[in-house]
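S.K.: Right, I'll just put the structure down here and ask away after.
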Amino acid sequence: MLVSVFQYSLEYCKIEDRVDSLLLEGLVSYAGDHLIPLVDEGLGNSAYLADLGDGRALAVDASRDLRALRQAAARRGLRVAFAADTHLHADFLTGAVQLAADQGATVLAAAAGHRAFEHTALADGDEVDLGGLRLRALATPGHTDEHLSYLLLDGGTELGVFTGGSLIVGSAARTDLLGADRAEELARAQYRSLRRLAALPDATPVWPTHGAGSFCSAPPGAARVTTIGAERTANPLLAAPDEDAFARQLLASLGSYPAYFARLAEVNRRGPALLAARAKLAPLTPAAVGFLMDRGSWLIDVRPIAEFAAGHIPGAVSIPLRDQFATWLGWLVPDRTPLGFVLASGQDPAEVAWQALKIGYENLAGQLDGGMDAWQADGRRVERTALVTADGMDGRAILDVRQDAEFVTGHVPGAAHIELGDLPGRAQNAPGEAVVMCGHGERAMTAASMLQRAGHHGLSVLAGGAQEWATVTGRPLQEGT
């Protein structure tokens, strides 16, 4: 079986200038179209579908939202025969259990993960015959205790390594998901794991799961794939002189992460519930929506912020349907209460449902049938939130809800700062009648709606961000905290 058949398609290989020509030539020599990356831009992750050459395929770190994987497999006439997970994911529910039920896939996972469903339990050095190719498990703890990387082999040739949340482009995944008290211990384990992976041949392609945009990744980067040689040359963590320096450097790069990360690993250990039908949202009358809200359910308005600003249901939370929708839903909204949704004309209810289901939201009550037009036609009350420009803020208090790292690089002088993810527990600290701002307006509208839900009044949202403010006003941004 040819080595080149199973390598990464060039169209996905965004190789930074730091990769020298020798490494570039090595990566190009492996180019092919039989390893298919499936990128979730919102969560910042990549799953992989490897064509095994005989109508069967290997899936690695597949999400519960299997739409893209199923489409890729169908285009090539493939059946998923193996579904491997590198670790107990905290940021999405695994699709391996569903693939086992639907296609008879053999689930491959770490024995140390003690999963409560049928799987082939692997320990360090174990190999699985894929039918010509072999998959070797490498224990690489750090991101999680039971983390495995998978080395794909054709005879004695390393075709590539699936590194999950261990070695990633320019860094390594965070080590604090099991609690701050274990973060340093796991960072030291990550040090040893990265050095083990770095001992592979320089030309070995590296296929991480976590990448740009992932809250499991520290820090975010642009590229999604790399090579061992490129990382040995340019990864600052691999340049750390010793374990102590590595741990300090990795831990110093960690920021906050979504609240739902704390619960998904255990769901993945038990195994997510199987989904028997296509994801959808049932239609709800205005009366049904009102009934839900009166009993403490949450109503999520996924429309663009301009539509939400012009008129929304009192108590609704604005989380626009975009790549980051699942992240903010999981960060801010309880997972067990029934959820209702308000969509704009043309928005796909199935997309909303899948984004919720992939992070463990099962209790989806439905969507307002007919949208806001139906609500208003029923004579029900509407609330509005003003959108203002940088020259229309009139000296009002400002609340900046961006991440800490964004805020310190430049913010409006005098702005109060509360990260959006912290707002549910700190609403009482928010300034009254403030202009809420973020990078573009989406997170700010979410924050304003959360504050309105908590009883705040007189809030506005800045259309734009800090840089637009500086451009319009001609004033410099303030750096630091």
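The values are calculated or read from the model by the stated rules, or taken from the named source; none is laboratory data. Treat the numbers as computed from the prediction; the structure is a model and nothing was measured. Cβ placement follows ideal geometry from the backbone for every residue including glycine, while neighbour counts extend to all protein chains displayed. Ligands, DNA and RNA are excluded from the accessible area calculation, which covers all protein heavy atoms including side chains. Shrake-Rupley method; radii C 1.70, N 1.55, O 1.52, S 1.80 Å.
S.K.: Counting only residues that are part of a helix (DSSP H, G or I) and in contact with a strand residue (DSSP E or B) (Cβ under 8 Å, 6 or more places away or on another chain), which one in the stretch 64-85 is most open to solvent (accessible area, probe 1.4 Å)?
M.R.: So in the stretch 64-85, the residues part of a helix (DSSP H, G or I) come out as 67-75.
With the extra rule that they be in contact with a strand residue (DSSP E or B) (Cβ under 8 Å, 6 or more places away or on another chain), the set shrinks to 68-69, 72-73.
Details: Ala68: 53, Leu69: 8, Ala72: 0, Ala73: 4 Å².
Across the stretch 64-85, the extreme among qualifying residues is Ala68.
S.K.: Another question, if that's okay. Take the stretch 186-204 and flag every residue that is within 19 Å of Glu146 (Cβ to Cβ), open to solvent by 10 Å² or more (accessible area, probe 1.4 Å) and in contact with a helix residue (DSSP H, G or I) (Cβ under 6 Å, 6 or more places away or on another chain).
M.R.: Arg188, Tyr191
S.K.: Also: Is there a residue in the stretch 307-319 that is in a loop (DSSP other than H, G, I, E, B) and open to solvent by 50 Å² or more (accessible area, probe 1.4 Å)? Before you say what the answer is, go through the steps one by one.
M.R.: Initially, the stretch 307-319 is screened for residues in a loop (DSSP other than H, G, I, E, B), giving 311, 313-316, 319.
The next check asks that each one be open to solvent by 50 Å² or more (accessible area, probe 1.4 Å); those that pass are none.
Scanning the stretch 307-319, I find no residue that is in a loop (DSSP other than H, G, I, E, B) and open to solvent by 50 Å² or more (accessible area, probe 1.4 Å), so the answer is no.
S.K.: What pairs come out if I take residues in the stretch 452-481 that are small (Gly, Ala, Ser) and pair them with residues that are part of a helix (DSSP H, G or I) whose C-beta lies under 7 Å away, six or more apart or interchain?
M.R.: Every condition considered, the pairs that remain are Ala454/Ala427; Gly464/Ala390; Gly480/Val408.
S.K.: Quick check, is Thr389 open to solvent by 20 Å² or more (accessible area, probe 1.4 Å), hydroxyl-bearing (Ser, Thr, Tyr), over 21 Å from Val302 (Cα atoms) and more than 28 Å from the chain's Cα centre (by Cα)? Talk me through it step by step, then tell me what you get.
M.R.: Working: open to solvent by 20 Å² or more (accessible area, probe 1.4 Å): yes; hydroxyl-bearing (Ser, Thr, Tyr): yes; over 21 Å from Val302 (Cα atoms): yes; more than 28 Å from the chain's Cα centre (by Cα): yes.
Spelling it out, Thr389 is indeed open to solvent by 20 Å² or more (accessible area, probe 1.4 Å), hydroxyl-bearing (Ser, Thr, Tyr), over 21 Å from Val302 (Cα atoms) and more than 28 Å from the chain's Cα centre (by Cα).
S.K.: For Ala137, are the conditions met, namely being crowded, with 21+ Cβ neighbours inside 10 Å, at pLDDT 95 or above and on the phi < 0 side of the Ramachandran plot?
M.R.: Spelling it out, Ala137 is indeed crowded, with 21+ Cβ neighbours inside 10 Å, at pLDDT 95 or above and on the phi < 0 side of the Ramachandran plot.
S.K.: Leu130: at pLDDT 95 or above, open to solvent by less than 10 Å² (accessible area, probe 1.4 Å), among the aliphatic types (A, V, I, L, M) and within 17 Å of the chain's Cα centre (by Cα), yes or no?
M.R.: Numbers: at pLDDT 95 or above: yes; open to solvent by less than 10 Å² (accessible area, probe 1.4 Å): yes; among the aliphatic types (A, V, I, L, M): yes; within 17 Å of the chain's Cα centre (by Cα): no.
Here the answer is no, as Leu130 does not meet what is asked.
S.K.: Quick check on the stretch 392-404: of everything there that is closer than 17 Å to Arg475 by Cβ and in a strand (DSSP E or B), which residue is least open to solvent (accessible area, probe 1.4 Å)?
M.R.: Asp400
S.K.: Separate question: Please give the strands (runs of 3 or more DSSP E) falling wholly within the stretch 154-236 in which 1 or more residues are touching an Asp or Glu at 6+ places or on another chain (Cβ under 8 Å) and touching a residue at least 60 places away in the same chain (Cβ under 8 Å).
M.R.: Working: elements: 157-164, 171-173, 205-208.
Once the strands (runs of 3 or more DSSP E) in the stretch 154-236 are filtered for at least 1 residues that are touching an Asp or Glu at 6+ places or on another chain (Cβ under 8 Å) and touching a residue at least 60 places away in the same chain (Cβ under 8 Å), what remains is 157-164.
S.K.: Identify, please: which residue in the stretch 237-246 is of a type in the set (A, V, I, L, M) and in contact (Cβ under 8 Å) with a residue 40 or more places away in the chain and is, among those, most open to solvent (accessible area, probe 1.4 Å)?
M.R.: Taking the stretch 237-246 and keeping what is of a type in the set (A, V, I, L, M), we get 237-240, 245.
Next cut, in contact (Cβ under 8 Å) with a residue 40 or more places away in the chain only: 237-238, 240.
Details: Leu237: 6, Leu238: 32, Ala240: 10 Å².
Within the stretch 237-246, the match that is most open to solvent (accessible area, probe 1.4 Å) is Leu238.
S.K.: Does at least one position in the stretch 326-335 carry a residue that is under 30 Å from Leu459 (Cα atoms), aromatic (Phe, Trp, Tyr) and open to solvent by 30 Å² or more (accessible area, probe 1.4 Å)?
M.R.: no
S.K.: A further question on this structure: Of all residues in the stretch 108-119, how many are closer than 25 Å to Leu177 by Cα and open to solvent by 10 Å² or more (accessible area, probe 1.4 Å)? Lay out the reasoning, then the answer.
M.R.: At the first step, the residues of the stretch 108-119 found to be closer than 25 Å to Leu177 by Cα are 108-117, 119.
So of that shortlist, the ones also open to solvent by 10 Å² or more (accessible area, probe 1.4 Å) come out as 111-112, 114-117, 119.
Number of matching residues: 7.
S.K.: Would you please list the contacts, defined by Cβ atoms under 9 Å and residues six or more apart or on different chains, that run from a residue in the stretch 309-337 that is of a type in the set (Lys, Arg) to a residue that is assigned to a helix (DSSP H, G or I)?
M.R.: Filtered contacts from the stretch 309-337: Arg322/Glu442.
S.K.: Which members of the stretch 37-63 meet the condition of being hydrophobic (A, V, I, L, M, F, W, C), surrounded by 21 or more Cβ atoms within 10 Å (Cβ to Cβ) and under 15 Å from the mean Cα position of the chain (by Cα)?
M.R.: Residues satisfying the conditions are Leu38, Leu43, Ala47, Ala62.
S.K.: In the stretch 248-297, what residues are assigned to a helix (DSSP H, G or I), touching a strand residue (DSSP E or B) at 6+ places or on another chain (Cβ under 8 Å) and closer than 26 Å to Gln367 by Cα? Step through it out loud before you land on a result.
M.R.: Filtering the stretch 248-297 for residues assigned to a helix (DSSP H, G or I) gives 248-252, 261-270, 286-294.
If we keep only those that are touching a strand residue (DSSP E or B) at 6+ places or on another chain (Cβ under 8 Å) as well, we get 250, 268, 286, 288-289, 292-293.
Correct list: Pro286, Ala288, Val289, Leu292, Met293.
S.K.: If we keep just the residues of the stretch 336-348 that are within 22 Å of the chain's Cα centre (by Cα) and surrounded by 22 or more Cβ atoms within 10 Å (Cβ to Cβ), which is farthest from Thr285 (Cα to Cα)?
M.R.: Here the residue is Leu339.
S.K.: Also: Among what's in the stretch 247-294 and is touching a residue at least 60 places away in the same chain (Cβ under 8 Å) and of a type in the set (S, T, N, Q), pick the residue that is least open to solvent (accessible area, probe 1.4 Å).
M.R.: Checked the stretch 247-294; the qualifying residue least open to solvent (accessible area, probe 1.4 Å) is Asn268.
S.K.: Are any residues in the stretch 436-461 surrounded by 15 or more Cβ atoms within 10 Å (Cβ to Cβ), within 23 Å of Ile313 (Cβ to Cβ) and aliphatic (A, V, I, L, M), and if so, which ones?
M.R.: Within the stretch 436-461, Val436, Ala444, Met445, Ala447, Ala448, Met450, Leu451, Leu459, Val461 qualify.
S.K.: Additional query: Going through the stretch 435-454 one residue at a time, which ones are farther than 21 Å from Gly410 by Cα and among the basic types (Lys, Arg)?
M.R.: Arg453, the sole residue that qualifies.
S.K.: So Ile359 clears everything in (1) open to solvent by 20 Å² or more (accessible area, probe 1.4 Å); (2) in contact with a helix residue (DSSP H, G or I) (Cβ under 7 Å, 6 or more places away or on another chain); (3) in a loop (DSSP other than H, G, I, E, B); (4) not charged (D, E, K, R) except one condition, right? Which one?
M.R.: For Ile359, the failing item is (1).
S.K.: Would you pick out the residues in the stretch 140-158 that are surrounded by fewer than 24 Cβ atoms within 10 Å (Cβ to Cβ) and of a type outside the set (S, T, N, Q)? Step through it out loud before you land on a result.
M.R.: Residues of the stretch 140-158 surrounded by fewer than 24 Cβ atoms within 10 Å (Cβ to Cβ): 141, 145-146, 151, 153-158.
Residues satisfying the conditions are Pro141, Asp145, Glu146, Leu151, Leu153, Asp154, Gly155, Gly156, Glu158.
S.K.: Assess whether Phe92 counts as being farther than 19 Å from Leu152 by Cα, at pLDDT 95 or above, open to solvent by less than 40 Å² (accessible area, probe 1.4 Å) and touching a Lys or Arg at 6+ places or on another chain (Cβ under 9 Å). Before you say what the answer is, go through the steps one by one.
M.R.: Working: farther than 19 Å from Leu152 by Cα: yes; at pLDDT 95 or above: yes; open to solvent by less than 40 Å² (accessible area, probe 1.4 Å): yes; touching a Lys or Arg at 6+ places or on another chain (Cβ under 9 Å): yes.
So Phe92 passes the test.
S.K.: Sticking with this structure for a sec: Report every pair of residues separated by at least 6 positions or lying on different chains whose Cβ atoms are under 6 Å apart, first residue within the stretch 131-145 and more than 13 Å from Ala189 (Cα to Cα), second of a type in the set (Gly, Ala, Ser).
M.R.: What qualifies is Leu138/Ser149.
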